[in-house]
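Q: Please see the structure below; I have some questions.
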Amino acid sequence: MKTVAVNLILWILASPIYIVKWVIVMIRRARFWATAYTPAIPCRTCGVKISLVGIWRCGCGYTYRGHLLRHCPLCGSLGRVVRCVSCGITHLLPEKP
């Protein structure tokens with residue numbers, strides 16, 4: 001009976017921490033999926049639209065046509081950065097959770 005009470009108390013104390021962690025993960029997922037379904041993002045410096053749909057080359061050398069946040073069929077990696085062609089600033093894309 002004592003272990004049940006201790007487990008219940010620990011669960012009550014840990015629940016807010018798990019809820020906060022879950023909310024953070026859901027925000028990251030929402031940010032990633034919002035970017036993954038967007039054809040272009042605005043540059044934070046000059047405001048020009050940066051296209052995420054085009055012809056991309058993976059780090060392994062594979063070239064594909066489509067969205068930047070698509071897994072490479074050879075190595076499985078995902079694009080992490082995109083460069084603005086107008087001002088040359090590199091933007092970090094959200095990670096897949």
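The values are calculated or read from the model by the stated rules, or taken from the named source; none is laboratory data. Everything numeric in this text was worked out from a predicted model, so none of it was measured. Note: ideal-geometry Cβ built from the backbone for every residue, glycine included; neighbour counts use all protein chains shown.
Q: Just to be sure, is ILE41 in contact (Cβ under 8 Å) with a residue 40 or more places away in the chain, within 13 Å of PRO94 (Cα to Cα) and either touching a Phe, Trp or Tyr at 6+ places or on another chain (Cβ under 6 Å) or of a type in the set (Val, Ile, Thr) (or both)? Before the answer, list the steps.
A: On the way: in contact (Cβ under 8 Å) with a residue 40 or more places away in the chain: yes; within 13 Å of PRO94 (Cα to Cα): yes; either touching a Phe, Trp or Tyr at 6+ places or on another chain (Cβ under 6 Å) or of a type in the set (Val, Ile, Thr) (or both): yes.
Judged against the criteria, ILE41 is a match.
Q: Looking only at residues in the stretch 47-57 that are modelled with pLDDT of 90 or more and not in a strand (DSSP E or B), which one is farthest from LEU68 (Cα to Cα)?
A: VAL48
Q: Could you tell me how many of the residues in the stretch 63-73 are touching a strand residue (DSSP E or B) at 6+ places or on another chain (Cβ under 9 Å) and in a loop (DSSP other than H, G, I, E, B)? Break it down into steps so the answer makes sense when it comes.
A: As a first pass, look at the stretch 63-73 and keep what is touching a strand residue (DSSP E or B) at 6+ places or on another chain (Cβ under 9 Å): 63-68, 70, 72-73.
Then drop every residue that is not in a loop (DSSP other than H, G, I, E, B), which leaves 68, 70, 72-73.
Qualifying residue count for the region: 4.
Q: Also, quick follow-up: Evaluate the stretch 16-28: report whether one residue or more is of a type in the set (A, V, I, L, M), out of contact with any Leu (no Cβ under 6 Å at 6 or more places or on another chain) and under 12 Å from LEU93 (Cα atoms). Steps first, answer last, please.
A: Applying the first criterion (of a type in the set (A, V, I, L, M)) to the stretch 16-28 yields 17, 19-20, 23-27.
Filter once more, so that each one left must be out of contact with any Leu (no Cβ under 6 Å at 6 or more places or on another chain): 17, 19-20, 23-27.
When the remaining residues are screened for being under 12 Å from LEU93 (Cα atoms), the result is none.
The answer is no; no qualifying residue exists.
Q: Does at least one position in the stretch 67-80 carry a residue that is small (Gly, Ala, Ser) and in contact (Cβ under 8 Å) with a residue 12 or more places away in the chain? Outline the logic, then answer.
A: First, the residues of the stretch 67-80 that are small (Gly, Ala, Ser): 76-77, 79.
So of that shortlist, the ones also in contact (Cβ under 8 Å) with a residue 12 or more places away in the chain come out as 77, 79.
Within the stretch 67-80, one or more residues are small (Gly, Ala, Ser) and in contact (Cβ under 8 Å) with a residue 12 or more places away in the chain.
Q: Limited to the stretch 80-95, what total is found for residues that are in contact with a Lys or Arg (Cβ under 8 Å, 6 or more places away or on another chain) and closer than 27 Å to VAL23 by Cβ? So that I can check it myself, show each step before the final result.
A: First, the residues of the stretch 80-95 that are in contact with a Lys or Arg (Cβ under 8 Å, 6 or more places away or on another chain): 89-95.
From what's left, closer than 27 Å to VAL23 by Cβ: 91-95.
Residues meeting the conditions: 5.
Q: Mind counting the residues in the stretch 79-97 that are hydrophobic (A, V, I, L, M, F, W, C) and in a loop (DSSP other than H, G, I, E, B)? Full working, then the answer.
A: Let us first name the residues in the stretch 79-97 that are hydrophobic (A, V, I, L, M, F, W, C), namely 81-82, 84-85, 87, 89, 92-93.
Cutting the leftovers down to in a loop (DSSP other than H, G, I, E, B) gives us 84-85, 87, 89, 93.
Count: 5.
Q: When you look at GLY76, is it over 19 Å from the mean Cα position of the chain (by Cα), exposed (fewer than 11 other Cβ atoms within 10 Å of the Cβ) and assigned to a loop (DSSP other than H, G, I, E, B), yes or no?
A: Details: over 19 Å from the mean Cα position of the chain (by Cα): no; exposed (fewer than 11 other Cβ atoms within 10 Å of the Cβ): yes; assigned to a loop (DSSP other than H, G, I, E, B): yes.
In short, no.
Q: Further, regarding this structure: Among the residues in the stretch 85-94, are any touching a helix residue (DSSP H, G or I) at 6+ places or on another chain (Cβ under 9 Å) and modelled with pLDDT under 90? Break it down into steps so the answer makes sense when it comes.
A: Taking the stretch 85-94 first, the residues touching a helix residue (DSSP H, G or I) at 6+ places or on another chain (Cβ under 9 Å) are 93-94.
Within this subset, residues satisfying the condition of being modelled with pLDDT under 90 are 93-94.
Checked against the condition, which is being touching a helix residue (DSSP H, G or I) at 6+ places or on another chain (Cβ under 9 Å) and modelled with pLDDT under 90, the stretch 85-94 yields at least one hit.
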